[in-house]
Every structure is written in structure tokens, then in C-alpha cells.
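The values are calculated or read from the model by the stated rules, or taken from the named source; none is laboratory data. Given the structure is predicted, the values throughout are model-derived calculations rather than measurements. No Cβ is skipped: glycine too gets one built from the backbone with ideal geometry, and neighbour counts run over all protein chains shown.
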Amino acid sequence: MKIGHYIAVLICLLVFNNVVAQKRDVAGECATSKINQYKSLQKTTIASAEENNYDVKHVKIDVSVSNTSGAISGCVTTTAKATALVMPVYVFELDTIFTIDSVLVNAQPCVTANDKNIRKAILPTAITQGNTFVVHVYYHGEPTPPGNGYYKRGLNNVKADPWGSQITYTLSEPFMANEWWPCKQSLTDKIDSADIWITVPSNLKAGSNGVLKNITVINTIQNRYEWHTAYPIDYYLLSIAVGPFTDYSYKVKLPVITDSLLVQNYLYDAAGALSFYKAGIDSAAQMLQYFSDLFGVYPFYKEKYGHCIVPLPGGMEYQTMTTCGNADPYLISHELAHQWFGDYVTCAGWQDVWLNEGFASYAEYLFAAHFRGDKEAADKMNEFHERVLDDTFKTGTVYVDDTTDEYRIFNGKLSYAKAAAVIHTLRYVIHNDSVFFSVLKKYQQQYAFSVATTNDFKVLAEQLTNRNLDTFFSQWIFKEGYPIYRNEWNQIKDDIYIRLYQASILPKSVPLYYTPVEIQLIALDGDTTFTVYNNTNAQDVHIKWSKKLRDVVIDPNNYILNVDLGCGINPELGINEVISSEVKVFPNPADEYWSVIGIPLGSDIIITDELGRKIMAFPNATTTGRVIYIRDLIKGVYFLHVLKGKTKIQSVKLVKY
């Protein structure tokens with residue numbers, strides 16, 4: 001693995017002796033689809049604090065839509081309970097592209113005002129805490145121009161080539177629900193239940209969440225599709241998709257559940273479309289069974305699962321009915337896994353989006369491992385690693401540090417690929433699949449139909465694994481970068497001596513990754529793999545092995561996101577078991593830090609200035625590597641001295657710029 005990066009990394013690092021470079025962003029298909037093309041809403045949570053004055057209980061969306069334009073009109077009825085002591089104003093969100101015809105609160109008309117997309121209805125009588133109220137918002141409008149399938153609009157109207165079908169569909173994540181219905185965009189206030197009624201021309205179908213309760217004939221040219229979901233649902237997971245669809249449905253038996261689950265799919269009603277998408281759509285059946293075994297039974301089994309095929313480049317995990325641009329099994333697996341990770345349990349804030357996207361991406365790996373075999377699973381994991389390692393200029397954490405930026409939230413390198421790789425590392429660190437998957441199941445049970453934070457997941461994992469995961473989450477979730485390994489080895493008869501070096505692509509973020517590392521010994525007549533806990537930048541390992549060693553590979557099973565710069569023979573290793581006294585420092589010159597390797601154990605390190613004055617001292621070295629931070633030093637020339645007792649072994653000239 002990772003051999004394709006050797007040249008780039010060698011140029012960048014000069015085998016650990018030059019300044020470490022940063023890396024370039026590469027987004028995955030699903031991430032690319034979810035990145036909004038503009039930033040009109042710069043926010044981290046609800047648009048107005050006054051939206052916290054009530055708790056949404058039920059929403060009924062009753063709208064008219066066609067597939068010939070992005071126009072929408074109708075009424076949204078919200079039933080809520082006041083949480084503030086006194087609520088004189090009902091505040092909600094609706095994009096200014098829409099005209100509000102009227103607002104009624106408890107059947108009383110209200111005067112409305114707006115501050116951009118924040119709408120305020122002045123209540124005739126203030127509502128007090130604990131009282132339930134009902135709001136009707138009548139509105140109409142048409143986005144100009146309509147969305148084009150790349151998440152530019154909450155409401156999209158696009159032609160599906162080559163099928164010739166014109167489709168209208170919604171895309172609400174993360175902040176665009178208000179571009180098609182008057183709403184409260186709060187992740188933590190899940191709607192207890194919802195009705196979605198969609199009136200469309202009679203030659204069309206309309207897909208949405210939950211169960212299709214009825215198709216009501218309105219007149220000779222219009223039908224109303226009446227969908228209902230009794231499960232709690234987040235604002236961005238409500239959806240509609242309208243077009244000339246055909247209904248291709250089947251049922252699948254799930255573990256523990258008596259009744260079979262309906263898998264209802266709306267595909268293009270065009271010649272050849274069914275045969276084109278059928279295999280991918282059918283693959284969801286086995287995935288539903290497998291993921292139910294891994295994560296717990298499919299959480300919305302009393303209603304349905306399904307897909308609406310629409311013209312977009314990725315997918316969107318709408319609760320019980322995913323919107324997909326294609327039926328590739330990897331996309332199907334990703335969006336299906338979201339029903340657990342994202343829909344059943346939703347991230348409590350967009351900073352925690354890796355809990356949605358990382359686990360959905362990791363489900364692609366799980367799908368490959370179970371249904372396609374070890375080779376394809378390894379390729380999938382390597383694909384995740386490649387996305388991160390191919391990034392040359394940008395860095396960042398899995399935990400989102402800027403939730404006002406849709407590009408940052410849905411960064412394909414971080415929220416998807418690196419998150420999936422880190423989850424795989426966590427599984428490796430736990431080193432017990434029964435425990436690992438029990439963590440995932442318990443996470444689903446404990447936060448069912450609710451939301452969870454990164455810390456919620458961490459605390460739960462610590463409880464079930466009975467270990468402290470502070471270091472793991474600190475270095476992999478909350479900090480940047482990944483480790484870079486190389487090694488030297490020597491064989492003396494049956495004794496194998498290995499020196500494992502670790503550097504960091506971003507040492508000022510994580511100087512050293514404390515983690516177990518597999519080391520593979522390769523011989524013509526067989527290999528062996530063992531694990532060491534890597535807790536120093538230069539670590540010596542001694543093992544007995546009678547075979548003729550040909551090569552050493554670090555992390556052969558790709559459990560850790562890293563670069564392996566390979567190995568070389570060092571004939572001095574094992575000679576009297578004395579560590580080489582040649583100290584190397586990089587980068588040099590430097591402005592942030594010096595990384596020192598090859599320090600003899602038990603020696604003293606002294607840093608002096610040009611006049612010989614002691615600046616820093618590190619006595620009695622217990623590791624052969626150390627990072628020395630120098631950002632507080634003034635610019636100039638310094639010297640690093642290595643002493644064994646009172647004897648100076650070596651001096652190295654250093655430059656701080």
C-alpha cells in the first residue's frame with residue numbers, strides 16, 4: 001500500500017530531513033454532491049435564538065409541485081409547544097424567494113416581518129410555556145434560476161439525461177430546507193412525526209418519507225400523494241421527488257422482525273431504466289439484512305426503505321427514501337448506512353458530521369469486505385487513504401472547526417475519507433470485533449431517534465471497551481495529520497533488530513502518534529507479523545526469527561492512515577545492542593520545531609547559543625527521538641550537544657529563522 005506516494009513524499013520530506021508539507025483537498029462523490037455552491041447562510045445552528053422558544057411536535061407539508069418548473073405553493077402546518085416562559089413572536093425560516101400569503105397561529109391571522117430568511121409572526125396573544133399551538137403558513141414562489149442538481153438550491157428542477165425525464169426534487173442539507181418549506185433548521189429539535197402531501201399532475205408520481213397512506217384524486221388532471229411518517233425526523237431529512245416515475249418495489253425479511261420490509265423505489269418511467277438500475281436497487285435487500293446484523297435492526301422497519309432516482313451526481317440519505325443519482329452498490333451502501341448513522345442517530349451539531357458521514361463511508365468498506373472479498377475491501381480502504389494522502393496543500397481535523405462553511409462540513413478528505421480510515425483504526429485498536437460492533441449497536445440504542453456528539457460516542461466507546469480513549473480521539477479526531485514511518489533492520493543469526501522511526505506530517509499538531517503498529521517480516525519461505533506499541537519517534541525492536549529476512553513492512557494491513565517510506569539494512573543494529581550515536585535534526589533551518597532522532601539512551605541533550613550559554617536541557621534520554629519547539633527562540637544560530645556523562649559525543653549546528 002501507499003507505494004505510489006513514495007516519490008512525492010520523499011521529495012517533500014527528503015527522508016525526514018526537510019520541512020513537512022501540507023496536503024490538497026480531494027472530495028468524494030457524495031461529499032462533492034453535498035457541497036453547496038454558495039454561502040448565503042453563514043451559521044452554525046438555528047438562524048435566530050427565538051426559534052428555541054418552541055419545540056416542534058408535528059409538521060404537515062401540503063404543497064403543489066410539478067416537474068416542469070421549480071415552483072411550489074401550498075401550506076405548511078406546524079404543531080409545537082412553547083418552551084419559553086412567554087413567547088410573543090413565532091419565528092421560523094423561509095427564503096425570501098417565496099411570498100408568504102398569510103400566517104395563522106391558533107387560527108388567528110398574524111402580521112409578519114422578515115429579516116432576510118428569518119420570518120417573524122407577531123402573535124395576537126403571547127403563548128406561555130407548556131402550551132401547544134398550531135401555525136399555518138400559506139406561501140408560494142419559484143427559485144430563479146431553479147437548482148441544477150449540484151445543491152445550489154433547496155428545490156431543484158432538472159432534466160435526467162439520457163432518459164429524457166424532467167424531475168423536481170429537494171436538497172435540504174445542511175441549511176437549505178427553508179428553500180422549499182417554512183421550517184426551523186435545528187438539528188437538536190427533531191420533528192416527532194410528519195405528513196407530506198404533494199399534489200402533482202396525474203401523469204407523475206411523488207416520493208417522500210414514511211408510508212404512502214393514500215393517493216387522492218383531486219380532479220381529472222391532478223393527484224395528491226399523501227405520505228406519513230410516525231418516526232422522529234430532522235428538518236433536513238424531509239424530502240419530495242416528483243417526476244414521471246415507475247414504482248418498482250419488493251419486500252425483504254429482516255432479522256427479528258415478523259413482517260417483511262417494503263423496499264419501495266421510484267425509477268424513471270423510460271425504456272431501459274428499470275433494467276439499468278435494477279441490480280443496484282436489488283442489492284439493498286442483502287445490505288439491509290447485513291447492516292441490521294451489524295448495527296441493530298433497520299430502525300424504520302414499520303414503514304419502508306426505498307430510493308428515488310433523480311439526476312444528481314451522488315446521493316442524499318432522506319429518511320426511509322434515499323434520493324440517488326445512480327444505483328452503484330457503493331452509493332447504495334453509503335446512503336443505506338445513513339439510516340442508522342445520520343437519520344436514526346443524528347449528529348448534534350455540524351461539527352460532529354463525521355458521525356454521519358464517516359460511518360456511512362466506513363459502511364462502504366464493510367459492504368466490500370462482506371460481499372466482494374478481502375481484495376476489494378483492501379482497495380476500498382486504500383481509496384480512503386489515497387484521498388487524504390494525495391492532498392498536498394491543505395490540512396484539517398476530522399472534527400469540523402468551521403460550521404459556517406458547507407465546503408468545510410462536507411470536506412471529502414476529512415468528514416468522509418479520513419473519518420472512515422480513523423474508524424477502521426479504532427476497530428484495530430479495540431482489537432475485538434465483538435466489542436467494536438457492540439459499541440456501534442449500543443450507540444444506536446442509546447441515542448435512538450435523537451442526536452449525539454463526538455464526546456457522546458467517545459464516552460460510550462470508553463465504557464464498553466473499558467479503556468481511556470483520550471489520546472486516540474485527540475490525535476485522530478481533534479488534531480491534524482498522520483504518521484510517517486520508516487525502518488532500519490539487521491539480522492544476526494536468529495536475531496532480528498529493527499529500528500522503527502516515526503515522524504508526523506504535522507508535528508506541531510501531533511508530534512507523535514501513540515498507537516499499536518503491526519510489523520511484517522518477509523522471507524522467501526514465509527512471513528510473520530507482530531505488533532508493537534509505538535510510543536517514541538525512534539523505537540528499537542528485537543525479535544527471534546530463524547528465517548532469512550528479506551524485507552520489513554510497517555502496517556501491512558493498512559489499519560493506520562500513514563505513509564511508509566520503506567526500510568533499509570543497518571549493519572550496526574544489534575552490534576553490542578548499542579544505539580547509533582549519530583544524531584540527526586530536521587528540519588534545519590526551522591522556525592517552529594526541530595525533530596531530533598538517533599539520541600543515545602541515557603545521554604543528555606543540551607542546546608546552547610553561539611556564546612555557549614545553555615538555552616535548553618533534556619537530561620537522561622529515555623527515548624531516541626524528541627521534538628523541540630523553538631517558536632519562542634529568537635532568530636539565530638544554536639548548537640545541539642549530545643553528552644554521555646561528561647563526554648561530548650556529538651554537536652550539531654542549528655539555525656532558527
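Side notes on the structure shown:
- Set V510, V451: member being assigned to a loop (DSSP other than H, G, I, E, B), among the β-branched types (V, I, T) and either in contact with a strand residue (DSSP E or B) (Cβ under 8 Å, 6 or more places away or on another chain) or under 22 Å from V398 (Cα atoms) (or both): V510
- The lone exception for L389 - which of (1) surrounded by 18 or more Cβ atoms within 10 Å (Cβ to Cβ); (2) at pLDDT 95 or above it fails: (2)
- Taking the criterion of being assigned to a loop (DSSP other than H, G, I, E, B) and surrounded by fewer than 16 Cβ atoms within 10 Å (Cβ to Cβ), the residues of the stretch 417-448 that qualify are H431, N432, A448.
- Candidates A378, A420: the one that is farther than 19 Å from H338 by Cβ, of a type in the set (A, V, I, L, M, F, W, C) and in contact (Cβ under 8 Å) with a residue 12 or more places away in the chain is A378.
- Of the criteria (1) buried (at least 21 other Cβ atoms within 10 Å of the Cβ); (2) over 19 Å from V63 (Cβ atoms); (3) not basic (K, R), which one S208 fails: (2)
- Taking strands (runs of 3 or more DSSP E) as the structural unit, those lying wholly within the stretch 279-369 and holding at least 3 residues that are touching a residue at least 40 places away in the same chain (Cβ under 8 Å) and either among the polar types (S, T, N, Q) or buried (at least 22 other Cβ atoms within 10 Å of the Cβ) (or both) correspond to 305-309, 345-347.
- Spans of strands (runs of 3 or more DSSP E) in the stretch 561-641 with at least 2 residues within 15 Å of Y501 (Cβ to Cβ): 563-569, 584-586, 593-597, 625-629
- Residues being buried (at least 18 other Cβ atoms within 10 Å of the Cβ), in contact with a Lys or Arg (Cβ under 9 Å, 6 or more places away or on another chain) and not in a strand (DSSP E or B) - total across the stretch 482-507: 2
- Flag if P174 is farther than 30 Å from A84 by Cα, crowded, with 17+ Cβ neighbours inside 10 Å and not hydrophobic (A, V, I, L, M, F, W, C): no
- Top-ranked residue of the stretch 454-503 - restricted to ones that are hydroxyl-bearing (S, T, Y) and out of contact with any strand residue (DSSP E or B) (no Cβ under 7 Å at 6 or more places or on another chain), ranked as nearest to S186 (Cα to Cα): T454
- Count of the stretch 616-657 residues, restricted to those that are surrounded by 13 or more Cβ atoms within 10 Å (Cβ to Cβ) and without any contact (Cβ under 8 Å) to a residue 40 or more places away in the chain, is 9.
- Criterion violated by V655 - all others in (1) more than 17 Å from P511 (Cβ to Cβ); (2) among the aliphatic types (A, V, I, L, M); (3) touching a Pro at 6+ places or on another chain (Cβ under 8 Å); (4) in a loop (DSSP other than H, G, I, E, B) satisfied: (4)
- Qualifying positions in the stretch 80-116 - in a loop (DSSP other than H, G, I, E, B), surrounded by fewer than 14 Cβ atoms within 10 Å (Cβ to Cβ) and among the hydrophobic types (A, V, I, L, M, F, W, C): L85, A107
- Filtered residues of the stretch 220-241 (kept if within 25 Å of Y344 (Cα to Cα) and assigned to a strand (DSSP E or B)): Y225, E226, W227, H228, T229, I233, A241
- Qualifying strands (runs of 3 or more DSSP E) (wholly inside the stretch 134-207; at least 2 residues being of a type in the set (V, I, T) and at pLDDT 95 or above): 165-170, 193-201
- Condition check for I560: out of contact with any helix residue (DSSP H, G or I) (no Cβ under 7 Å at 6 or more places or on another chain) and among the aliphatic types (A, V, I, L, M): no
- Any hit, the stretch 376-399, residues being farther than 21 Å from P483 by Cβ and part of a loop (DSSP other than H, G, I, E, B): no
- If only residues of the stretch 364-397 that are aliphatic (A, V, I, L, M) and in contact with a strand residue (DSSP E or B) (Cβ under 8 Å, 6 or more places away or on another chain) are counted, the one that is farthest from N562 (Cα to Cα) is V388.
- Index of the failed condition, A271 passing every other in (1) crowded, with 22+ Cβ neighbours inside 10 Å; (2) without any contact (Cβ under 8 Å) to a residue 24 or more places away in the chain; (3) among the small types (G, A, S): (1)
- Unmet criterion (only one of (1) within 22 Å of V242 (Cα to Cα); (2) out of contact with any Ser or Thr (no Cβ under 6 Å at 6 or more places or on another chain); (3) of a type in the set (G, A, S)) for G74: (2)
- Count - residues of the stretch 400-416 that are among the aromatic types (F, W, Y) and in a helix (DSSP H, G or I): 2
- The lone criterion from (1) more than 41 Å from the chain's Cα centre (by Cα); (2) farther than 28 Å from T471 by Cβ; (3) not assigned by TED's automatic domain parsing to the domain that holds Q502 left unmet by P589 is number (1).
- Residue count for the stretch 516-548 under the criterion of being closer than 16 Å to D494 by Cβ, of a type in the set (S, T, N, Q) and within 39 Å of the chain's Cα centre (by Cα): the result is 1.
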